[in-house]
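A short worksheet on the structure shown next.
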Amino acid sequence: MSPALLGRAALYTCGVVGSLSYVGATAKNDKYLYMGGPLLAGVTVVALSSLAPMALPLGMRGLAITEAISLYGGLAVFGGFVLYEYVSFSFMRGKPG
């Protein structure tokens, strides 16, 4: 694996987590705390799409769809959890200012 690829992945990860943390830090008190239920539903969909190829006879197209749901859905759910957890932690401890 190329070191440039690892560096690029680390840079993108820092950018995504940093920007979501900034959004959570500058949000009003409990603006994103409603996302707990939808994030749980998203995790369920991602988990079921990961387990579906073991239980269902899927063709190549079905396998590609479940992999895409698992990959991109997992990325979206991860970003949502970063934002939700940052806001919930800052809400519990009280924001300065």
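The numbers here are math on the coordinates, done by the rules we state, and not lab data. No experiment lies behind these values; they were computed from the predicted model shown. With ideal geometry, Cβ positions are generated from the backbone for all residues, glycine too; neighbour counts draw on all protein chains shown.
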> Quick one: putting +1 on the C-beta of Lys and Arg, -1 on the C-beta of Asp and Glu, what dipole do you get for the chain around its Cα centre, in Debye to the nearest 20?
Replying inline: 220 debye
> Under the Kirkwood approximation applied to all pairs of distinct alpha-carbon atoms, what is the hydrodynamic radius of the stretch 3-93 in Å?
Replying inline: 14.9 Å
> Put a dot 7 Å past each Cα toward the Cβ at V43 and V23; how far apart are the dots in nm?
Replying inline: 1.9 nm
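Given a Förster distance of 22 Å, report the FRET efficiency between F91 and C14 from their Cβ-Cβ distance, rounded to the nearest 0.05. The partial results should precede the final answer.
Values: r = 24 Å, r/R0 = 1.09.
Once the sixth-power term is evaluated, E becomes 0.35.
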>> Given the DSSP H assignment, sum -39500 (n - 2.57) over each helix run of at least 4 residues in the chain and divide by its residue total; what's the result at 222 nm in deg cm²/dmol, nearest 500?
In response: -28500 deg cm²/dmol
